[in-house]
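Working notes for the structure below.
The values are calculated or read from the model by the stated rules, or taken from the named source; none is laboratory data. This structure is a prediction, so every number in the text was calculated from the model and none was measured. Glycine gets a Cβ as well: all are built from the backbone with ideal geometry, and neighbour counts include every protein chain shown. To get the accessible areas, we keep the full protein, side chains included, count just its heavy atoms, and leave off ligands, DNA and RNA. Shrake-Rupley method; radii C 1.70, N 1.55, O 1.52, S 1.80 Å.
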Amino acid sequence: NFMPHGGAEEDLTKAALDEVESFLDHVFYHQNTAPFIGYRLIQRLVSSNPSAWYVQAVAQAFTSGTYDGKVYSGKYGDLGATVAAVLLHPEAQDQTSSGKLREPLLKIVHFMRSLEFTDRPGRMIMMQDVSKIMGQFPYQSPTVFNFYLPDYAPDRFPDGLVGPEFQIFDTPLFMSFTEAMMALIDKQGLTSCGKGYGVRSWDCHGNGNLQLLQKLGSVEQAWSDMDLLLTGGRFGPLKKGFMDLFVDHGTWVPLWESGIAGVQHTPADFNRLFREAGSGIIRRKCSSCAASHQKVYIKVVAPWRGTWNAYHELLVTWSANNFGQWFHLYSSLGDALAGKNAWRWCNGGLEGVGFPRDCGPVGLTQNQWNSINRTDGQAKYRFATLQAPPTPAPTPGPPTPPPTPAPPTPLTTAPLPALTTSVPPTPTPVDNAGSKPTWVVVYSKGTYGSIQKDKSTFNHIWSRSPPALGIMRRECSGCVPTHKDVYLKVQNPARWDAYEELLGSWTARGFRSTFNIYSTLDDAIKERNPWRFCNGFANSQ
């Protein structure tokens with residue numbers, strides 16, 4: 001105790017300072033100080049659960065001012081020697097050690113630095129106060145003991161192990177962090193759009209770009225770089241699995257982006273880039289849309305890619321013509337590539353309303369459309385087309401022997417039926433387009449004879465036509481040459497009233513969506529060269 005019981009004010013002041021200095025020296029040189037500081041530094045920089053051997057080595061570096069034979073200051077309390085011991089100790093270099101969970105704020109900074117974030121001129125890097133949705137924010141610690149406790153252990157952790165940072169990494173915080181990181185990549189910087197962590201601004205463009213993403217090489221090199229920069233080489237065998245998810249999917253070519261700063265090609269260039277890309281897939285991303293419409297993939301069938309006016313359909317007036325025939329809609333790229341889980345409902349044809357009007361995965365979904373001519377649609381969207389990977393040159397093989405000539409088809413003078421349907425022969429079904437169909441007469445008259453099934457029998461025979469065929473043939477000896485032999489192909493024969501449509505009132509309802517019309521059987525089976533015009537009537541025609 002340095003404090004006197006009385007005396008001059010100057011003496012009392014000096015005595016108080018001596019008292020404080022003495023207390024600090026006592027704490028500084030206490031035998032527990034070096035291991036305490038070493039343990040905390042290791043927890044923040046390397047591992048949440050260091051071994052006693054590791055802590056002892058760091059404590060000795062603190063007290064001696066040396067580490068691994070190198071003299072730093074050689075004095076007690078040398079932080080240079082201490083940090084060297086923390087980072088260079090063998091346990092710090094061991095890839096199999098338990099490590100630590102990185103704090104969310106450090107994750108963001110680390111990610112931006114690793115991917116070479118470069119800010120845009122005049123745009124400051126700013127974040128909103130996200131402490132409630134990220135778990136921490138600078139100078140916003142809820143107590144003097146930091147955002148988490150050093151001895152916090154999550155439920156079901158093994159006894160004796162701790163994970164301090166997990167205290168601010170519960171399920172809601174994990175979900176919000178994941179969304180923010182996806183927005184960081186998607187928007188190329190910090191922005192409030194897409195549930196990002198940036199401050200609110202007048203558009204959804206990030207405040208810079210991630211340079212490394214623009215210069216990644218092959219798939220293997222890209223994943224090797226990401227493994228090194230983001231995980232410290234800890235991917236291990238998981239890397240191959242992730243690579244397989246993305247290999248040969250090509251790159252995205254921008255077509256159109258809303259806002260005055262976005263890429264906006266002319267109609268001619270928009271359609272040219274789509275056709276040259278070769279994949280037939282266009283992706284629309286809409287950050288302001290409902291969850292089901294934030295990413296939509298349009299896949300145009302190969303025969304129609306050269307004539308489909310993508311610019312007009314997507315940006316001016318979405319017609320939805322030939323939905324399910326010329327094109328399909330999907331919720332993921334994987335589904336689009338595999339051709340599965342296509343959307344079931346779509347409409348269009350409202351002037352000025354662009355993609356996708358009220359189309360939805362299973363039914364009508366309103367107010368998700370965009371337009372370049374109207375202001376009441378979605379305002380934050382972009383279109384890009386998938387660049388198909390180059391087709392490898394075929395490996396030369398042995399020459400293909402010439403095909404064996406088929407025997408000549410015998411002529412027949414028997415009268416042909418007027419209406420026939422393709423059904424599987426009994427007992428072996430024929431359910432693929434490569435098989436030869438068996439024709440069953442369901443109606444005929446005049447020179448073709450007289451077979452007139454009632455409606456129930458007519459439709460029962462027709463409904464047995466397998467979905468892969470679903471073909472009805474009409475022959476008409478008195479018609480013009482283009483209509484003497486016509487083939488009607490229906491998607492779902494069991495749900496189409498063939499009798500009423502063909503013999504009662506032809507409505508033409510569902511033309512090019514439910515059914516198509518062809519001039520030859522080969523075209524019908526291969527679904528090529530369908531008729532382009534069709535009309536119908538409500539009365540009997």
When only the heavy atoms of the protein chains count and the probe is 1.4 Å, how do Glu103, Glu351 rank by accessible area, highest first? Glu351, Glu103
Built amide H within the under 5 Å cut-off of Trp256, gap 5+: Phe383
Could you tell me the accessible area of Ile517 in Å² (1.4 Å probe, neighbours in place), rounded to the nearest ten? 10 Å²
Once ligands and nucleic acids are excluded and a 1.4 Å probe is used, how much of Asp225 is accessible, expressed in Å² to the nearest 10? 40 Å²
What share of Cα pairs, in percent, lie more than 14 angstrom apart in the stretch 452-529? 62 percent
Obtain the nm distance between the two label points defined at Asn529 and Arg374 by a simple spin-label model: each point lies 7 Å from its Cα along the Cα-to-C-beta direction. 4.0 nm
Round to the nearest 10 and report in Å² the accessible area of Phe515, as given by a 1.4 Å probe over the protein chains' heavy atoms. 0 Å²
Net charge of neighbours whose Cβ lies under 9 Å from the Cβ of Trp223, counting Lys and Arg as +1 and Asp and Glu as -1: -1
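Over all directions, what mean area does the Cα convex hull of the stretch 283-347 project, stated in square nanometres?
Result: a mean projected hull area of 4.6 nm².
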Calculate the translational D of the stretch 1-71 in whole µm² s⁻¹ from Stokes-Einstein, where the hydrodynamic radius comes from the Kirkwood formula applied to all Cα pairs, the temperature is 37 °C and the viscosity 0.692 mPa s. 224 µm²/s
Relative contact order of the stretch 3-137, defined on C-alpha pairs under 8 angstrom at six or more residues apart (%): 16 percent
Over all distinct Cα pairs, what is the inverse of the mean 1/r for the stretch 55-194, reported as the Kirkwood hydrodynamic radius in Å? 18.1 Å
Using a cut-off of 14 Å between beta-carbons, work out the net charge of the residues near Lys484 (Lys and Arg +1, Asp and Glu -1, Lys484 not included). 0
Interatomic Cα distance distribution for the stretch 139-190, bins of 5 angstrom, percent: 4, 17, 16, 19, 17, 14, 8, 3, 1
Near-label residues of the stretch 314-341 by backbone N, under 16 Å of a point 7 Å along Cα→Cβ of Thr514: 322-325
For the stretch 237-359, the Debye formula with one identical point scatterer on each Cα and no solvent gives log10 I(q)/I(0) at q = 0.13, 0.14, 0.19 Å⁻¹ as -0.54, -0.63, -1.15
Listed by chain and number, the lysines with an alpha carbon less than 28 angstrom from that of Lys75, same-chain partners under 8 positions apart left out, are Lys14
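For Leu213, what charge total do you get from the other residues with a beta carbon under 13 Å from its beta carbon, if Lys and Arg give +1 and Asp and Glu give -1? Before the final figure, lay out each step's value.
Values: positive: Lys187, Lys215; negative: Glu116, Asp186, Asp225.
Net charge in that neighbourhood comes out at -1.
Which pairs in the list Lys100/Lys295; Lys107/Lys239; Lys445/Lys526; Lys340/Lys526 are over 27 Å apart, alpha-carbon to alpha-carbon?
Over 27 Å apart, Cα to Cα: Lys100/Lys295; Lys445/Lys526.
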Sorting Arg284, Arg344, Arg234 on solvent-accessible surface, 1.4 Å probe, most exposed first, gives Arg344, Arg234, Arg284
